[in-house]
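A short write-up of the structure that comes next.
The values are calculated or read from the model by the stated rules, or taken from the named source; none is laboratory data. Note that the structure is a prediction, hence the values are computed from the model and not measured. Neighbour counts are summed over all protein chains in view; Cβ atoms, including those assigned to glycine, are modelled from backbone coordinates with ideal geometry. We work out accessible area using only protein heavy atoms, side chains counted, and drop any ligands, DNA or RNA first. Shrake-Rupley method; radii C 1.70, N 1.55, O 1.52, S 1.80 Å.
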Amino acid sequence: MKKLNIGLDFDGTVTADPETFKKIIKVFTDAGHYVHIVTMRYGSECDDIVRDFGDLVSTIVPTKRKAKDQFCKDVGIAIDFWIDDNPKAVHQDAS
């Protein structure tokens with residue numbers, strides 16, 4: 001079985017139903033996959049994510065308003081699939 005890297009958006013995705021996403025994260029991690037919360041926030045804006053999800057996910061990746069896919073590649077994380085309410089953010093910087 002291939003272990004997947006799953007890119008999970010926070011604002012607008014996880015925040016829409018945090019308790020359900022905690023369950024989804026657990027299903028993926030229990031199956032041996034890696035869940036990365038990838039957010040366009042700056043690191044200084046991530047205290048709530050770290051507090052509520054830091055122990056549940058593999059990493060929290062704040063992209064500093066940069067396109068998520070390229071930022072992850074630049075830090076050595078190749079995301080296999082994305083869960084994001086704003087797919088443009090995966091490939092475009094915030095304006």
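Details
- Candidates K22, K64, filtered to the one that is open to solvent by 20 Å² or more (accessible area, probe 1.4 Å), closer than 18 Å to I77 by Cβ and not polar (S, T, N, Q): K64
- Filtered by the rule that a residue be open to solvent by less than 50 Å² (accessible area, probe 1.4 Å) and more than 13 Å from H36 (Cα to Cα), the stretch 79-89 gives a lone residue, A89.
- Exactly one residue out of G76, G54 is at pLDDT 95 or above, surrounded by fewer than 13 Cβ atoms within 10 Å (Cβ to Cβ) and not aliphatic (A, V, I, L, M), and it is G76.
- Of all residues making up the stretch 75-95, the number that are among the charged types (D, E, K, R) and closer than 16 Å to I6 by Cα: 3
- Condition met for V38 (in contact with a Gly (Cβ under 7 Å, 6 or more places away or on another chain) and either touching a residue at least 12 places away in the same chain (Cβ under 8 Å) or buried (at least 17 other Cβ atoms within 10 Å of the Cβ) (or both)): yes
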